[in-house]
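The values are calculated or read from the model by the stated rules, or taken from the named source; none is laboratory data. None of these values were measured; they are calculated from a predicted model. Neighbour counts are summed over all protein chains in view; Cβ atoms, including those assigned to glycine, are modelled from backbone coordinates with ideal geometry. Note: accessible area is taken over every heavy atom of the protein model, side chains too, but ligands, DNA and RNA are not part of it. Shrake-Rupley method; radii C 1.70, N 1.55, O 1.52, S 1.80 Å.
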Amino acid sequence: MRFKYVAVEYFCMTQTQTRLIDGTEVAASIRSELISSVRRIDNTGTTPQLATVLMNDDPASQTYVSMKHDDCEEVGIATRDIEIDPEAPAAELFDTVDELNADPSVHGVLVQMPLPDHVDEREVLRRVDPKKDVDGFHPENVGRLVAGQARYKPCTPHGIQKLLTAANVETEGADVVVIGRSNIVGKPMANLLIQKTDGGNATVTVCHSRSDDLASKTRTADIVIAAAGVPEMIDGDMLSSGVVIIDVGINRVETETGSELVGDVAFESAAEKADAITPVPGGVGPMTRAMLLWNTVKAAAVATEVSIELP
Ligand code: NAD
């Protein structure tokens, strides 16, 4: 496929040109290529289907779920939208997951996090059929990823890997610093980058809240992937010239006129050092959404035994 990204000029003190890695554009390109795969599966009489289960009243979670449904609609994936009262017993969620697991018309099952305190998140993740676990969070799928036999790569790190490829950033032999060790971003990101495959073969340092002297690590990095959830914690002083920066963070901060979204990276000062950088918003976020569609199409292709080539 033809990946496109936009190179923009900044008026940097260093006079260098910094490339903006445009996740919105790369994600749109992936979505449009997925349409033909969905059609091929559709032609067998089965429409790929994603079921989402929401068990919280958080407006942000409701927005995330509805965006996932819109994305599915755009590429022709059918959706099922299940909402469970957050006060309901955990058994109601488990029963729902069991029903979706058993339903052959459903190919992907996504339980939106967070869950109410009385529901054990780990038990829910274990409950989803690993073949329908399009988030890639089931322990079986995590193990497969670590072993280099990924079934579903978790959406955010997979999207980042695609973005790096789209921006022609070579990971082989690169020193990568991943900031954050969560199960959904930091750990799978590090695991993907060390695999002996295209988009891997990197030397990875994983930093976290107990790491000492973060700047001494980030300054040695060819690629920095920031996923700490701390607004603008990485600035230009912590980076070397020519670095590639992937900013995963999404943080809402108060401003004089209201609020705005910022990443974990102080964009302007970091851009002065960077060869390439992702914006927030419009960088990693759209890729996360696109890779959920990818995993759902893959699940449907396996279930229907249709051979497809994913973008
Ligand atoms: P998390 O809270 O589960 O993990 C944060 C990690 O950062 C932890 O491992 C912690 O050790 C580390 N950390 C925290 N403070 C640190 C510090 N000062 N120095 C070094 N490490 C530090 O968060 P998460 O779910 O991994 O998400 C991280 C960020 O990415 C959040 O802002 C989240 O909103 C965002 N996110 C974005 C997307 C997307 O699609 N763009 C997807 C997932 C998460």
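Structure data summary
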quantity	calculated
Boolean, Arg210 is charged (D, E, K, R), farther than 22 Å from Ile250 by Cβ and within 9 Å of the ligand (Cβ to nearest atom)	yes
Which listed residue is closer than 23 Å to Gly23 by Cα, away from the ligand (no atom under 16 Å from the Cβ) and either in contact with a helix residue (DSSP H, G or I) (Cβ under 8 Å, 6 or more places away or on another chain) or in a helix (DSSP H, G or I) (or both), from Thr156, Thr165	Thr165
Scan of region 213-254 for residues that are among the charged types (D, E, K, R) and near the ligand (Cβ under 10 Å from one of its atoms), ordered by number	Lys217, Asp247, Arg252
So Ile82, is it under 17 Å from Val302 (Cα atoms) and among the β-branched types (Val, Ile, Thr)	no
Checking Ala221 against (1) out of contact with any helix residue (DSSP H, G or I) (no Cβ under 6 Å at 6 or more places or on another chain); (2) under 19 Å from Asp275 (Cα atoms); (3) among the small types (Gly, Ala, Ser); (4) surrounded by fewer than 17 Cβ atoms within 10 Å (Cβ to Cβ), the condition it does not meet	(4)
Test: residue in region 82-104 that is charged (D, E, K, R), in contact with a strand residue (DSSP E or B) (Cβ under 6 Å, 6 or more places away or on another chain) and open to solvent by 60 Å² or more (accessible area, probe 1.4 Å)	yes
Flag if Ile21 is in contact with a helix residue (DSSP H, G or I) (Cβ under 7 Å, 6 or more places away or on another chain), under 30 Å from Ser240 (Cβ atoms) and not hydroxyl-bearing (Ser, Thr, Tyr)	yes
Residue match in region 137-146 (condition: outside any helix (DSSP H, G or I), free of Cβ contacts under 8 Å to residues at least 24 places away in the same chain and loosely packed, with under 15 Cβ neighbours inside 10 Å)	no
Positions within region 170-193 being in a loop (DSSP other than H, G, I, E, B) and either of a type in the set (S, T, N, Q) or open to solvent by 20 Å² or more (accessible area, probe 1.4 Å) (or both), in sequence order	Glu170, Thr171, Glu172, Gly173, Arg181, Ser182, Asn183, Ile184
